[in-house]
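Participant: What follows is a structure written as C-alpha cells; I'll ask about it next.
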Protein chains: 2
Amino acid sequence: MKKLKVAVLGVTGAVGQEFLAILEQRKFPIETLKLLASGRSAGKKIGFMGKTYTVEEATPESFQGLDLVLSSAGGAISRALAPHIVKAGALMVDNTSAFRMDPEIPLVIPEINPEDIAKHKGIIANPNCSTIIMLVPLFPIHKVAKIKRITAATYQAASGAGAKAMEELQVQARDFLVGKKIIPKVLPHQIAFNVFSHNSKIGPDGFCEEETKMVKETKKIFHAPEIRVTATCVRVPVLRAHSEALFIETEKNISVDEVRALLAKAPGVKVVDDRDKNYFPMPLEATGQDDILVGRLRVDPSAANALAMFVSGDQIRKGAALNAVQIAEIAFKNK
Amino acid sequence: MKKLKVAVLGVTGAVGQEFLAILEQRKFPIETLKLLASGRSAGKKIGFMGKTYTVEEATPESFQGLDLVLSSAGGAISRALAPHIVKAGALMVDNTSAFRMDPEIPLVIPEINPEDIAKHKGIIANPNCSTIIMLVPLFPIHKVAKIKRITAATYQAASGAGAKAMEELQVQARDFLVGKKIIPKVLPHQIAFNVFSHNSKIGPDGFCEEETKMVKETKKIFHAPEIRVTATCVRVPVLRAHSEALFIETEKNISVDEVRALLAKAPGVKVVDDRDKNYFPMPLEATGQDDILVGRLRVDPSAANALAMFVSGDQIRKGAALNAVQIAEIAFKNK
C-alpha cells in the first residue's frame, strides 16, 4: 500500500479525534495529512505522530491532490463538500448518514461486505454506530443459519451525541451528587442517573431515526432486503461504548455451542461469556477496544430457532473511526 | 375495613422503609404496628405517623394476635417464619421469591388478578418488581388482543439490589469523577458510568434468575401457561425505578390508537408518549409515582400483530411495597 495524501474532515469532533488516534495506532501510510474543520476551529493546533498540524477551514478547494478524505463533520457538510472531493479524485469515506441509503454508494462493514468497497464511485459510507455494533457479531451467525428477524434494545453512551454530551454527563453527575439543580443543555433530558429514549427525531411510524437506521442499514449491508429488524434505542449514563440486548430468529437451527465456536474465530469479535462468574460484555471494558464484545449467548425458547445475546462495542472506535479506516485500508490495499 | 394489627418484617431494608411510607400515605387502617427485622437491627428507633417505634428481632413468637404481616426480609427468612405467621392466623403478604411459584399460593397484581387474593391460605406472594412493571401496562392489551409473546430488555436501577447498592452507585460516581480507583463491593461490577448483565445467578439455560422470574411469573399471573416470554435483564446506573423495552406479539390485531385508549383508562398506568417533544417514560420521573409510565407506543412491522413500547416504574413502590399494600387492602376490604 502506497503512502497516501489524507485529510480528516471534522477533525475537532469526537470521531475526528479518534480518526487521528487510529491512523497513528495502525501506522496508516500517510504521505501528507490535512486537518479540516469549520471556520471557527481553523488555526487550532493538533499534534499527530510527533508533528504539530494546524486545522484549516474546509472549503470546496481543500481537496485538490488528495487520495483519501475521512469525514465526520455532519451530514449537511458531507453533502455540500462531497461533489468537490469526488471531482478532486479523492476517495471520501463518510461517517455521516448523508449517503448511507443511496443505492449508488456502498455501505460497508469490512468484516461483512468488503466486496462492496470496489464498487465505489468516489464515496463509501460508514454505517451508523449501533448498526455496526449489532451486525459484526451477528454476521457469522447469519452466514451459517440465515437470520430472519432481529429485535434490539440499545444502551447507548452519551458520547454517541458528541464530546459535549459526554462532558454534560459528567457535569450533571457532579451537580446531582451535591444536590444542584440540573438543566440539560446538550441532550434533551437529564442523562446523569437517568435513561431516556434516544434523542433522534421520531418519524410518523413512531420509530426514531436511530432505530430506522438500524433497520434499513442492516438490509443494505447484509444484502438481505427481506430481513426483519426492530429496535428500541435508549440513552444510558455511560460515557463511551454502546451495548445492545439482541434477540434473533434464524432460518436454520444453530446451537449455542456452534454460535460460540463461530464467534470465537470471527474477526472483530471477542466472546465474553462466563456464566459462573456472571461476567459478560460491559461498555466500560469495550471502551478503547477494537473488538465488539459478545456474551449472554443462549437459546431463546420463546420462538423457533431463536437466540439471545448481549453485546458491547466502542461506538467511536469500531462504531465509527476504526471501521472507516479499515474501509480505506482495503480500498487502497493494492494501490 | 377494620383497623388491623400489622407487622412489617424486614423494616430496615429499602422495601421495608417504603412499606411504612405507603401505609402512611394511603392512611392504611392500623390498630397496632410492629416493626420486625434481624437481631442486629433490634433496638433501632423508627418514626411512623408521629410516633416512635422500636425495631424488634423477628422470631417465631413475633406474630401472635396479628392480622397482617408485610414481609420483605429475604427468601430464607420468609420460608423460616411463614409457618409461624400462618399458625398465628395472620395474612402474610410476602415480597420475596420464596413462595411465588408455589401453586397453592396466589401471586397477585391487583390490577390484573385480584380474584386470586380470596384463594389464599395465609400467604399471598408479591411478584418480582420487573414482572410487575412489565405486566401492569401489558394486561389491558392482553385482555383485548391476547399476547402470545413478550420480548423484554430491562434497564434496572441500582436500588433493585438494595439500599446499599444505591449508595454504592453514588460513592462510585463521586470516586470516578475525581479519578479514584473503583472497587465494587455490593454489586459485582462497577455500576457508575457502566451497565452490566443483571447480577442474579445464571441457570443452566443461560437465563439469569431475574429473567426466569419474568418468564414464569407472567404465566402464573396471567393464568396463561402458553404465553411465551423472553428477557435480558441489565443493571444501569440509575438510583431508582426500572425501565423496560417491550416488544409484544398478539393473537388479534390491535391498533396503536386502540392501545393508547385502553392504557389511558387502565388503572396503575400513565401514558407518557409525546413524539413531537421526544418525551417518553424516564426512571427519574417514574421515581415516587404509583403509576407505571408507558410510551414509545408503535406498531412493530418486523412481525405480525406486533407492538413495541417503553415503560418505567418505581420498583420499590409499585414494583414492591405499594403492590403488597394494595393486595392487603383488597384482602381485608370487607372485614
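FYI, it's all coordinate maths here, none of it is from the lab. Just so we're clear, the structure is a prediction, and the values are computed from it rather than from any experiment. Here Cβ is always computed from backbone atoms with ideal geometry, including for glycine, and neighbour counts include all displayed protein chains.
Participant: With the cut-off at 1.5 for a/c, could you classify chain A from its C-alpha gyration tensor as rounded, prolate or oblate?
Facilitator: oblate
Participant: Treating the point 7 Å from Cα along Cα-beta-carbon as the label, what are the nm separations from residue A:114 to the other copies, to one decimal?
Facilitator: 6.5
Participant: Taking the DSSP beta bridges in chain B as the whole, what percent of them are antiparallel, to the nearest 5? Write out the running numbers ahead of the final one.
Facilitator: Details: 29 of 58 bridges.
Given both bridge residues lie in chain B, the antiparallel proportion sits at roughly 50 percent.
Participant: Inside 10 Å of the C-beta atoms of A:305-316, what's the mean count of C-beta atoms belonging to other chains?
Facilitator: Across the residues of A:305-316, the mean count of other-chain Cβ atoms within 10 Å is 2.
Participant: Just the number, please: percent antiparallel of the DSSP beta bridges in region B:131-315, rounded to the nearest 5. Intermediate values should be presented prior to the final figure.
Facilitator: Numbers: 25 of 34 bridges.
Antiparallel: roughly 75 percent of the beta bridges in region B:131-315.
Participant: Something else now. Loop-only check: which trypsin sites (Lys or Arg not before Pro) in region A:145-203 are DSSP coil with at most 13 other Cβ within 10 angstrom?
Facilitator: Numbers: sites: A:146, A:148, A:149, A:164, A:174, A:180, A:181, A:185, A:201; in loops: A:146, A:180, A:181, A:185, A:201.
Those that pass, being in a loop and sparsely packed, are A:180, A:181, A:185, A:201.
Participant: Now, a different point. How high is the relative contact order of region A:1-81, given as a whole-number percent (alpha carbon pairs under 8 Å, six or more residues apart)?
Facilitator: 39
Participant: Taking every DSSP beta bridge that has both residues in the protein assembly as shown, what percent is antiparallel when rounded to the nearest 5?
Facilitator: Given both bridge residues lie in the protein assembly as shown, the antiparallel proportion sits at roughly 50 percent.
Participant: Further question on the same structure: Exactly which GluC sites (Glu not before Pro) in region A:216-274 are in a DSSP loop and have at most 14 other Cβ atoms within 10 Å?
Facilitator: Qualifying residues, ordered by number: A:226, A:251.
Participant: Under the rule a/c < 1.5 gives rounded, and otherwise a/b versus b/c splits prolate from oblate, where does region A:191-263 land using the Cα gyration tensor?
Facilitator: Oblate, because a/c is 1.5 or more while a/b does not exceed b/c.
Participant: Given B:143/B:318; B:146/B:333; A:143/A:216, which pairs have Cα atoms separated by over 23 Å?
Facilitator: B:146/B:333
Participant: So, one more: Let me know the mean shielding of B:174-181 by other chains, meaning the per-residue number of their Cβ atoms within 10 Å of its Cβ.
Facilitator: That average works out to 2.
Participant: Shifting gears a bit: Only counting other Cβ atoms within 10 Å, I'd like B:186, B:178, A:229 sorted with the fewest neighbours first. Walk me through the numbers on the way to the answer.
Facilitator: Values: B:186 18, B:178 7, A:229 25.
Starting with the residue having the fewest Cβ neighbours, the order is B:178, B:186, A:229.
Participant: Related question: How about region B:84-124: which trypsin sites (Lys or Arg not before Pro) there lie in a loop by DSSP and see at most 13 other Cβ atoms within 10 Å?
Facilitator: Answer by residue number: B:121.
Participant: Now, a different point. Would you compute, from DSSP H runs of 4+ residues alone, the mean residue ellipticity of the protein assembly as shown at 222 nm, taking -39500 (n - 2.57) per run and dividing by the full residue count, rounded to the nearest 500?
Facilitator: That comes out to -8500 deg cm²/dmol.
Participant: 5 Å is the cut-off here: which amide hydrogens, built 1.01 Å from N in the peptide plane, fall below it relative to residue A:148, excluding neighbours closer than 5 in sequence?
Facilitator: Answer set, sorted by chain and number: A:249, A:250, A:251.
Participant: Still on this model: In nm to one decimal, list the spacings between the residue B:83 label point and its equivalents in the other copies, with label points set 7 Å along Cα to Cβ, shortest first.
Facilitator: 8.6
Participant: Based only on other Cβ atoms within 10 Å, what is the fewest-to-most ordering of B:101, B:166, A:134, B:282?
Facilitator: Final ranking by Cβ density, sparse to dense: B:101, B:166, B:282, A:134.
Participant: I've got another one for you. Can you list the copy-to-copy distances for residue B:61, using a point 7 angstrom from Cα toward Cβ, in nanometres, shortest first?
Facilitator: Computed spacing set for this position: 9.7 nm.
Participant: Once phi is turned into ³J(HN,Hα) by the Karplus curve 6.51 cos²θ - 1.76 cosθ + 1.60 with θ = phi - 60°, what whole-Hz value does each residue of region A:131-139 show in order, with x for glycine and proline?
Facilitator: Karplus values, whole Hz, x for Gly and Pro: 5, 4, 5, 6, 7, 4, x, 7, 4.
Participant: In peptide B:268-276, how many Cβ atoms from other protein chains are near each Cβ within 10 Å, on average?
Facilitator: Values: counts 0, 0, 0, 0, 0, 2, 1, 7, 2.
Rounded to a whole number, the mean comes out at 1.
Participant: Can you work out ³J(HN,Hα) from phi for every residue in region B:286-300, in order, using Karplus 6.51 cos²θ - 1.76 cosθ + 1.60 and θ = phi - 60°, giving whole Hz and x for Gly and Pro?
Facilitator: So the Karplus estimates, Gly and Pro as x, are 6, 4, x, 8, 6, 7, 8, 7, 9, x, 6, 5, 7, 6, 9 Hz.
Participant: Okay, moving on. Report, in degrees rounded to the nearest 10, the 0 to 90 angle that the Cα long axis of helix B:75-87 makes with the longest principal axis of chain B.
Facilitator: Between helix and principal axis, roughly 60 degrees.
Participant: Shifting gears a bit: Check the straight Cα-Cα distances from residue B:270 and name the aspartates and glutamates below 16 Å, setting aside those fewer than 8 residues away within the same chain.
Facilitator: Once the sequence-local aspartates and glutamates are set aside, what remains near residue B:270 is B:111, B:244, B:257, B:258, B:285, B:290, B:291, B:314.
Participant: Calculate one ³J(HN,Hα) per residue across region B:144-152 by plugging θ = phi - 60° into the Karplus curve 6.51 cos²θ - 1.76 cosθ + 1.60, and present them in order as whole Hz with x for glycine and proline.
Facilitator: 8, 10, 6, 7, 9, 8, 10, 10, 10
Participant: Can you list the lysines whose alpha carbon sits under 21 Å from that of residue A:180, skipping same-chain ones fewer than 8 residues off?
Facilitator: A:164
Participant: Normalised by the empirical 2.2 N^0.38 Å for globular proteins, what value does the Cα Rg of the protein assembly as shown take?
Facilitator: 1.04
Participant: Specify the inter-centroid distance of region A:86-128 and region B:231-247, based on alpha-carbon positions, in whole Å.
Facilitator: If we compute the Cα centre of each part, the gap is 36 Å.
Participant: Given H placed on each backbone N at 1.01 Å, which residues far from residue B:296 in sequence or on other chains put an amide H within less than 5 Å of it?
Facilitator: Correct list: B:310.
Participant: By a straight-distance test (C-alpha under 18 Å), which lysines pair with residue A:34 as possible cross-link partners, with residues fewer than eight away in the same chain excluded?
Facilitator: Output for residue A:34: A:2, A:3, A:5, A:44, A:45, A:51, A:87.
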